[in-house]
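Novice: Quick one: the structure is below, questions incoming.
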Amino acid sequence: MQIVIFGAPGVGKGTQAKILSSRLNIRHISTGDILRESIKNKTELGRKAKEIVDQGNLVPDDLMGGLIKEVLMEEESQHGYILDGFPRTLNQATILDKILEELDHETPHYISLEAEDSVIVERLSQRRMCSVCNSIVNLKNLENTSVCPFCKSENSFIKREDDDAEVIQNRLNVFHNTTSPVIEHYKRKNKVIVLDGTLPVNIVTDKILDVLDIKL
Ligand code: AMP
């Protein structure tokens, strides 16, 4: 199964992608995680992307298109995947459609998680990322523990550079101006499953599985 999950930063798409990847046994492809790893490891891509990502802007389409093509061509991607963070521009949507055709992959299911900006801003200011497994947690749910609930690492939580208040506003602007038209483009083709991203995590997962008609 192929899934593309859309949503504003902080709406919970990464969290849902991780859960669905594990429950459906399909690959989780997060372009944000790939870029952050490249930045951490100071690869050529990381050096090109660092400043752009830190400021909440978009890495150029040609770099992202090349990256996603490589990842989708890998053996690990041939048995299904959930794409989280790509496509983010209309040009990237065209690139993705072309790659899927070339690789003879099925048309994905498109899911859009939606929430008001005020909810997003509140969530992003409260969130931390485990620097070991990249899982996202909300400070409110940590209950004074410094142990990652996913990989059990201790004291591994960091605040993402792009979760700074000013950068959050820029990322939301980028989302509304550049990525929303991509979702609208797929909606016009009646292809998008729209869900309320403010519901509890397990309810959102259940709703996604329900609309995809998956019984686990
Ligand atoms: P995310 O973890 O999906 O919120 O992505 C973090 C950051 O990585 C974004 O704010 C962008 O700077 C960059 N990024 C991730 N995916 C893409 C993409 N498809 N195109 C351009 N930039 C991206």
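None of the figures in this text is laboratory data; all of them are computed from the coordinates on show. Predicted model, so just to flag it, every value in this text is computed and none were measured. Here the Cβ positions follow ideal geometry from the backbone for every residue, glycine too, while neighbour counts run over all protein chains shown.
Novice: Taking amide H positions as placed in the peptide plane 1.01 Å from N, state which residues far from S135 in sequence (5 or more) or on other chains have amide H under 5 Å from it.
Specialist: Here C130 satisfy the definition.
Novice: Ranked highest first by average number of other Cβ atoms within 10 Å, how do 3-10, 124-131 line up?
Specialist: With the highest mean Cβ count within 10 Å placed first, the list reads 3-10, 124-131.
Novice: Sticking with this one: At 7 Å along the Cα-to-beta-carbon direction for both L142 and D210, put a label point, then send me their distance in nm to one decimal.
Specialist: For the pair L142/D210, the computed spacing is 3.3 nm.
Novice: For region 66-216, give the share of DSSP beta bridges that are antiparallel, in percent and rounded to the nearest 5; count only bridges with both residues there.
Specialist: In region 66-216, DSSP labels about 55 percent of beta bridges as antiparallel.
Novice: Pull out a ≥ b ≥ c, the square roots of the eigenvalues of the alpha-carbon gyration tensor of region 143-216, then state rounded if a/c is under 1.5, prolate if not and a/b is larger than b/c, and oblate in the remaining case.
Specialist: oblate
Novice: Convert each backbone phi in region 125-140 into a coupling constant with the Karplus relation 6.51 cos²θ - 1.76 cosθ + 1.60 (shift: θ = phi - 60°), then list the ³J(HN,Hα) values in order as whole Hz, x for Gly and Pro.
Specialist: 6, 9, 9, 10, 10, 6, 6, 8, 10, 6, 5, 9, 10, 9, 3, 4
Novice: At a threshold of 8 angstrom on Cα-Cα distance, excluding pairs fewer than six apart, so keeping six or more, what relative contact order does region 1-112 reach in percent?
Specialist: 46
Novice: Taking the Cα centre of each part, how many Å lie between region 170-215 and region 74-149?
Specialist: So the separation of the two Cα centres works out to 11 Å.
Novice: Okay, next question. To check my understanding: the extent here is largest minus smallest coordinate of the Cα atoms along each principal axis. What are those three numbers for the chain, in Å, largest first?
Specialist: So the extents along the principal axes, rounded to whole Å, are 48, 42, 33.
Novice: Here's a follow-up. For region 1-144, what proportion of DSSP beta bridges, expressed in % and rounded to the nearest 5, is antiparallel?
Specialist: Values: 3 of 16 bridges.
Taking every DSSP beta bridge within region 1-144, about 20 percent pair in antiparallel fashion.
Novice: Apply the Kirkwood formula to region 71-156: the hydrodynamic radius equals the inverse of the mean of 1/r over all pairs of different alpha-carbon atoms; give it in Å with one decimal.
Specialist: With all distinct Cα pairs of region 71-156 included, I get 16.1 Å.
Novice: Under the Karplus relation 6.51 cos²θ - 1.76 cosθ + 1.60, θ = phi - 60°, what is the ordered set of whole-Hz ³J(HN,Hα) values for region 141-149, x standing for Gly and Pro?
Specialist: Taking θ as phi minus 60°, the curve returns 8, 7, 6, 6, 9, 10, 9, 5, x Hz for region 141-149.
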